[in-house]
Structure formats: structure tokens, C-alpha cells
Amino acid sequence: MAQVVVGQVEFADALVLTGPAGDDVLTAVLDRVACGTPRFELSTLDVPRLLAVPVGRRFTPAFGPLLRGVPLEPAAGVSVVRFAARRPFHPMRLHDALDVLLDGVVRARGRVWAISQPSPRHVAGVGRRRVERRRGRSRPGRPPRPRGRSSGKGRCTR
């Protein structure tokens with residue numbers, strides 16, 4: 001459930017906080033997930049100011065930056081971890097290490113490039129569901145083939 005909430009907060013135009021003010025962990029998470037998003041306390045909510053916040057200003061394409069800004073340094077036990085490697089890794093080793101790597105993680109997202117699939121993929125996780133979005137064509141000159149079976153109306157069904 002926390003992953004769903006974090007996904008909603010990340011793309012919110014404004015945040016209205018209902019809990020007690022001064023929660024350092026919440027502030028640290030919001031600084032990293034929704035940096036630059038206006039925050040309002042429910043107890044002192046100025047509705048005209050809330051309604052004046054521009055709508056849709058935080059929209060970014062699926063392949064926008066994974067790290068949207070600052071702060072990158074740890075605060076209140078919350079930190080951003082960036083991993084990048086030029087060397088290939090074995091997918092089974094990654095699968096076996098996920099339980100340890102994701103212990104205490106609020107949100108995870110990334111890009112994976114497989115040598116057998118030239119177009120990069122954006123990967124995000126919510127519970128057991130994994131979302132993959134292709135970028136560009138999978139082979140030069142050929143559009144990616146749809147997955148699933150054809151419904152006869154030009155759409156794929158699962």
C-alpha cells in the first residue's frame with residue numbers, strides 16, 4: 001500500500017498533510033519523492049492558495065529523470081541510493097538478492113538495458129506487479145510486437 005501512496009505523492013500537484021507537523025521521516029521522504037511540490041497543513045489550510053497551484057505541472061514522460069533533484073544526502077534515516085554499472089550482472093543473482101536489497105525501501109524504480117533487447121526499458125514495482133515500458137523500437141525499422149492475443153479490434157487483451 002505504501003508503494004501506491006508514494007506513486008500518487010510523486011505526481012501530485014500539491015500535498016495536504018493531515019498528521020502532526022514536524023515528522024522528520026515524513027519530511028525527508030517527501031523531500032526526495034516530491035521535491036518542489038507545495039505542501040499545506042490541513043489545520044491551517046488556505047483553500048484559495050491551494051486552488052491557485054497550477055494543475056499538471058509535474059507531468060514527466062515515462063523516461064524522464066529517475067532522480068528529480070535534491071536532496072541526495074541522508075536525513076532522518078531516509079536516503080536515495082543510486083546504482084549504476086557498466087558491467088553485466090546475472091539476473092538470477094539480482095533476483096536472489098532482492099529481498100535483502102529492498103528491505104525498508106519505500107519506492108524502487110530504474111532502467112534496465114538488456115543486450116538482447118536494444119531498446120531501454122523503464123521498470124517500476126508495486127507489490128508483485130511489475131510495469132515495463134519500452135522506449136523506441138525494439139529492432140531498427142520494425143515496431144515492437146504487441147504482447148497478448150489480438151481482440152480483433154486492434155487492441156491486445158491479457
**Report entry** Count of residues meeting criterion [among the hydroxyl-bearing types (S, T, Y) and farther than 19 Å from P74 by Cβ] in the range 1-36
**Finding:** 1
Query raised in the report: How many of the residues in the range 13-34 are crowded, with 16+ Cβ neighbours inside 10 Å and assigned to a loop (DSSP other than H, G, I, E, B)?
Result: 2
Query raised in the report: Can you name the residue in the range 35-66 that is among the aliphatic types (A, V, I, L, M) and either exposed (fewer than 10 other Cβ atoms within 10 Å of the Cβ) or out of contact with any Lys or Arg (no Cβ under 8 Å at 6 or more places or on another chain) (or both) and, of all such residues, is modelled with the lowest pLDDT?
Result: V55
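The values are calculated or read from the model by the stated rules, or taken from the named source; none is laboratory data. Note that the structure is a prediction, hence the values are computed from the model and not measured. Cβ atoms come from the backbone with ideal geometry, glycine included; neighbour counts cover every protein chain shown.
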